[in-house]
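*Asks:* Please read through the structure below; I'll follow up with questions.
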Amino acid sequence: MNIEAIITLVILVIMVFFFVTEKIPLAVVSVTGALVLASLGIIDKSDVFNSMGGSTIVLLAAMMILGSALFHTGIAEKLSFGITKLTGKSEKGIMIATILVALLLSSIASGLGVVAMMLPIVMAMSMNAKISVSRQLIPLAFASSIGSNLTLAGAASNVSTAGLIQDMGIPFLTFFEIGKVGLPLCILFLIYFLTIGKKMLTKGDSSDPKYIKKYTQRSDENGKFSPIKATIAGVILVAVLVAMAIDSDSFPMYFVAAVGAALLILTGCMTEKESIKAIDWPTLFIVGGMSAVSKAMTDSGAGAMIADAVVSILGDHPNKLVFLFLVLLLTILLTNLMMNTSTVLLVTPLFIPIAVTLGVNPVAVGVAICVAASAPFLTPVGSGTNTLIIKPGNLTFRDFFVPGIGVTAVVIIGSMVFIPIFWPL
């Protein structure tokens, strides 16, 4: 019996309890969980603090600054008025625009980057239309995750899965091929949020007025729009988005985002103090703590223990559809507790060889892993796209979980239908 794995799972269950009850702030729970795991020797003590200063944290902080620049330069306000002229000021119209733009952008760029750049625009549109800010943020974050299934480069987890499968000598997908299942899922997602999902969102507006006021404060004291600053900021933001879409090994996303943030300050689009205020530190601690916990899940064998339990349930001659369902379910559960890339690194080497042994199409299983790893809809800590909206929306665990259950069901049912059609089991 793996004692370290069991201890890790027990600590994780305790953390989930506090996440749900919110008796302790999420950031404190995340960091405390990581510290306890390090104290018990399950991960190195340096791992806790390495995760606090890792590339994911740099990417998050830089994207917060980049997103805030849209308000400081007046771009968000201008764009919000332009978009609401097209959509009208109804909640449904703005929600449709938010979801469609997020789906499209996240197919070629980091979902985290999409949320950071769209967050100020969505907030401005909502305030301009005098509708709930917080009710628009969940669809934004979720769309930025599910939209990554439109192309193979939509998420780092897709690329990682493809690389692992190809290393096994199995031809995988072309760039747009995953869109065969991604596009139907995106359509189902939009329908869900315009019908049932809309009713599942938090009632009223739970957003923090003080935070919103600070976040939306303009740089210029007289409130006049500066075309020069707006143009410079716009060029920098577009350049960052394009560089992220290219995702060159020479210029990783966190480096590009950091350069973009520095340029905004150097060109006077934002001051140093404004950029520091734009960073939501509790969010960084949530992600840093959960990164360390994710490492503990891998290092202790806790993740593998869960996966082995699922495999034992299957038996020697499982039904192919049942196998596909369990791959989807396990990957979704893990991606809500671990980072999506960590999840695919754990489950892909496990499930693909099993699929080959059982005579199940490994490409279909690989697609299921990609789709499920981009479904962190049940918890606020499953993805940076979720944690980024916690503070501005003043959102609770319930605000994610209730609409997230429906989206998760959409992903599982849609995948069970479309994956076998395009990649017969």
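The values are calculated or read from the model by the stated rules, or taken from the named source; none is laboratory data. The shown structure was predicted, so the numbers you read here are calculated from the model rather than taken from an experiment. Here the Cβ is made from the backbone with ideal geometry for all residues, glycine too, and neighbour counts use every protein chain on show.
*Asks:* Among the residues of the stretch 346-361, are any surrounded by fewer than 21 Cβ atoms within 10 Å (Cβ to Cβ), part of a loop (DSSP other than H, G, I, E, B), among the hydroxyl-bearing types (Ser, Thr, Tyr) and out of contact with any Cys (no Cβ under 8 Å at 6 or more places or on another chain)?
*Replies:* no
*Asks:* Still on this structure, I have one more. Restricting the search to the stretch 124-141, which residues are at pLDDT 85 or above and not polar (S, T, N, Q)?
*Replies:* Lys130, Ile131, Val133, Arg135, Leu137, Ile138, Pro139, Leu140, Ala141
*Asks:* In the list Ala102, Ala141, which residue meets the criterion of being over 20 Å from Thr331 (Cβ atoms), touching a residue at least 40 places away in the same chain (Cβ under 8 Å) and assigned to a helix (DSSP H, G or I)?
*Replies:* Sole residue among the options that is over 20 Å from Thr331 (Cβ atoms), touching a residue at least 40 places away in the same chain (Cβ under 8 Å) and assigned to a helix (DSSP H, G or I): Ala102.
*Asks:* Let me ask something else. Here's a check for you: in the stretch 237-254, which residue that is assigned to a helix (DSSP H, G or I) and touching a residue at least 60 places away in the same chain (Cβ under 8 Å) is surrounded by the fewest Cβ atoms within 10 Å (Cβ to Cβ)?
*Replies:* Ala245
*Asks:* Out of Leu9, Leu79, which single residue is touching a helix residue (DSSP H, G or I) at 6+ places or on another chain (Cβ under 9 Å), over 18 Å from Ala296 (Cβ atoms) and not small (Gly, Ala, Ser)?
*Replies:* Step by step, each of Leu9, Leu79 is checked, and only Leu79 is touching a helix residue (DSSP H, G or I) at 6+ places or on another chain (Cβ under 9 Å), over 18 Å from Ala296 (Cβ atoms) and not small (Gly, Ala, Ser).
*Asks:* Can I ask one more? Given the residues Met117, Met125, which is the only one that is farther than 19 Å from Gly404 by Cβ and more than 19 Å from the chain's Cα centre (by Cα)? It would help to see each step written out before you state the result.
*Replies:* Details: Met117 fails: more than 19 Å from the chain's Cα centre (by Cα).
Step by step, each of Met117, Met125 is checked, and only Met125 is farther than 19 Å from Gly404 by Cβ and more than 19 Å from the chain's Cα centre (by Cα).
*Asks:* Within the stretch 164-198, take every residue that is modelled with pLDDT under 80 and assigned to a loop (DSSP other than H, G, I, E, B) and give me the one that is surrounded by the most Cβ atoms within 10 Å (Cβ to Cβ).
*Replies:* In this case the residue turns out to be Leu173.
*Asks:* Given the conditions (1) out of contact with any Gly (no Cβ under 9 Å at 6 or more places or on another chain); (2) under 24 Å from Ile94 (Cβ atoms); (3) touching a residue at least 40 places away in the same chain (Cβ under 8 Å), report the number of the one that Ser206 does not fulfil.
*Replies:* Exception for Ser206: condition (1).
*Asks:* Can you name the number of the only condition in (1) crowded, with 22+ Cβ neighbours inside 10 Å; (2) out of contact with any Asp or Glu (no Cβ under 9 Å at 6 or more places or on another chain); (3) not in a helix (DSSP H, G or I) that Ile24 fails?
*Replies:* So Ile24 meets the others, but not (1).
*Asks:* Do we have Leu284 as of a type outside the set (S, T, N, Q), touching a helix residue (DSSP H, G or I) at 6+ places or on another chain (Cβ under 6 Å) and in a helix (DSSP H, G or I) here? Spell out how you get there, then give the answer.
*Replies:* Values: of a type outside the set (S, T, N, Q): yes; touching a helix residue (DSSP H, G or I) at 6+ places or on another chain (Cβ under 6 Å): yes; in a helix (DSSP H, G or I): yes.
Considered against the rule, which asks whether it is of a type outside the set (S, T, N, Q), touching a helix residue (DSSP H, G or I) at 6+ places or on another chain (Cβ under 6 Å) and in a helix (DSSP H, G or I), Leu284 comes out as yes.
*Asks:* When you go through Leu330, Leu324 one by one, which is the residue that is among the hydrophobic types (A, V, I, L, M, F, W, C), crowded, with 22+ Cβ neighbours inside 10 Å and touching a residue at least 60 places away in the same chain (Cβ under 8 Å)?
*Replies:* After applying the criteria, what remains is Leu324.
*Asks:* Restricting attention to the stretch 140-153, and to residues there that are closer than 20 Å to Thr98 by Cβ and in contact with a Leu (Cβ under 8 Å, 6 or more places away or on another chain), which single residue is surrounded by the most Cβ atoms within 10 Å (Cβ to Cβ)?
*Replies:* Per the criteria, the residue is Ser144.
*Asks:* Next question, about the same structure. Gly67 - would you say it is small (Gly, Ala, Ser) and either within 21 Å of Lys198 (Cα to Cα) or modelled with pLDDT of 80 or more (or both)?
*Replies:* When the stated conditions are applied, Gly67 does not pass them.
*Asks:* Which count do you get for residues in the stretch 411-425 that are in a helix (DSSP H, G or I) and surrounded by 19 or more Cβ atoms within 10 Å (Cβ to Cβ)?
*Replies:* 6
*Asks:* Right, here's the next one. Filter the stretch 1-48 for residues that are within 11 Å of Ala292 (Cα to Cα), free of Cβ contacts under 8 Å to residues at least 24 places away in the same chain and of a type outside the set (D, E, K, R) and give the result.
*Replies:* The answer is Leu35, Ser46.
*Asks:* Scan the stretch 266-280 for residues that are in contact with a helix residue (DSSP H, G or I) (Cβ under 9 Å, 6 or more places away or on another chain) and without any contact (Cβ under 8 Å) to a residue 24 or more places away in the chain and jot them down.
*Replies:* Scanning the stretch 266-280 gives Glu272, Ile276.
*Asks:* Of the residues Ser294, Ser275, which single one is among the small types (Gly, Ala, Ser), within 20 Å of the chain's Cα centre (by Cα), under 30 Å from Ile389 (Cα atoms) and surrounded by 14 or more Cβ atoms within 10 Å (Cβ to Cβ)?
*Replies:* Within the list Ser294, Ser275, the selection yields Ser294.
*Asks:* A further question on this structure: Of everything in the stretch 362-381 that's surrounded by fewer than 23 Cβ atoms within 10 Å (Cβ to Cβ) and not in a helix (DSSP H, G or I), which residue is modelled with the highest pLDDT?
*Replies:* Leu378
*Asks:* May I pose another question? Please pick out the residue among Ala129, Ala109, Ala156, Ala97 that is buried (at least 24 other Cβ atoms within 10 Å of the Cβ) and among the hydrophobic types (A, V, I, L, M, F, W, C).
*Replies:* Ala109
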